[in-house]
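Quick notes on the structure that follows.
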Amino acid sequence: MGSVERVVVVSGGGTGIGKAIATWFARQGDRVTIAGRRAEVLAAAAREIGGDRPVRTVVVDLSAPDEVERKLDELPERVDVLVNNAGGRGTPVRQGGLKEVAERWRRDFDNNILPAVLLTEALLPRLARPGGRVVTLSSLAAQRGNGSYGAVKAALLAWNHSLATQLGPAGITANVVVPGYVAGTEFFGAPAGEEELARRRAQTLVGRVGEPDDIAAAVAFLASPEAGYITGEFLNSNGGALLGR
Ligand SMILES: NC(=O)c1ccc[n+]([C@@H]2O[C@H](COP(=O)([O-])OP(=O)(O)OC[C@H]3O[C@@H](n4cnc5c(N)ncnc54)[C@H](OP(=O)(O)O)[C@@H]3O)[C@@H](O)[C@H]2O)c1
């Protein structure tokens, strides 16, 4: 894929899938910035990723509009590739009445929609025209249900349609990668036990669980210059789990 150095921003690039994505770009010699809420996690990832150029870190809660605005100066002035990876399920909300239902839906919206939408809006004027790439992470949950989390991940697909429509005339593509289960991230808190891994493996057609590098490869393709004719699309990477064994 492309050998020209690019400026890449990866939200949630300090752990899991985001770290694998940042690592992939850094290995190509691209200039990578990773953003997240925990300074020490970002610093450790930046050291580990290394590469030819230092990885830049930006400590920011991407669900807070005023914080994103304040941190704009620390983000690159020109962006070739924006990867909206930050997200997750957040702190569990206890079962209860409608107050807890609302709390759970707001939590999932804040954790998954706002980071993608606010960072993209903030960086819109800085996206390379033509040639810019926006890649956003959804989830297999968007196609399977999974309550409020699946619903907000599905909403990212609808949002991406608008984004692709808006950015297409400027020569910028906007696409979504939809991962199935991926081990080795902080998404589920503690690492999965052998029984859980076996259950997840059995759901796939390829007989293994996903790794962060699997998802990084899908993002890398959609971010490549060669993928310039693909926009407003989503790419599943789930080992065939959608076919439901
Ligand atoms: N693992 C899976 O099986 C799986 C499957 C389908 C989809 N996904 C999606 O893949 C993406 C990456 O998740 P992961 O599995 O790699 O889990 P992860 O290790 O928990 O990564 C999530 C990253 O996002 C950052 N983040 C979360 N909220 C943020 C906010 N408001 N502002 C800034 N940074 C924020 C976190 O860092 P801080 O906590 O330091 O902010 C963390 O580095 C997520 O969108 C997730 O929904 C994961």
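Data for the structure
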item: Listed residues L118, L197, L98, most fluctuating in the chain (Gaussian network, C-alpha, under 10 Å); result: L98
item: Within the chain, helix-based [θ] at 222 nm, where runs of 4 or more DSSP H residues each add -39,500 (n - 2.57), nearest 500; result: -13500 deg cm²/dmol
item: For segment 131-192, radius of gyration divided by Kirkwood radius, i.e. Rg to Rh on alpha-carbons; result: 1.08
item: Fluctuation leader among V41, V134, V60 - the chain, Gaussian network, Cα springs under 10 angstrom; result: V41
item: Semi-axis lengths (Å, descending) of the ellipsoid that matches the C-alpha gyration tensor of segment 1-116; result: 30, 14, 12
item: Axial C-alpha extent at least 18 Å, average Kyte-Doolittle at least -0.5 - helices from the chain (DSSP); result: 98-123, 147-167
item: Relative exposure of K153, K19, judged by other C-beta atoms within 10 Å (fewest first); result: K153, K19
item: Net charge dipole size for segment 7-243 [Lys, Arg +1 and Asp, Glu -1 on Cβ; Debye, nearest 20]; result: 240
item: Gaussian network model of the chain, springs between alpha carbon atoms under 10 Å - residue of V135, V182, V83 with greatest fluctuation; result: V182
item: Zero-based 5 Å bins, Cα pair distances in the chain, whole percents; result: 1, 7, 14, 18, 21, 18, 12, 6, 3, 1, 0
item: Pairwise centroid distance, computed over Cα atoms, of segment 165-244 with segment 11-68, Å; result: 19
item: Selection from G131, I17, A102, by position along the positive dipole direction of segment 7-243 (Cβ); result: A102
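We did not get these values from a lab; they are worked out from the coordinates using the rules stated. Because the structure is a prediction, the values reported are computed rather than measured. Cβ coordinates were reconstructed from backbone atoms using ideal geometry, including for glycine residues, and neighbour counts include every protein chain displayed.
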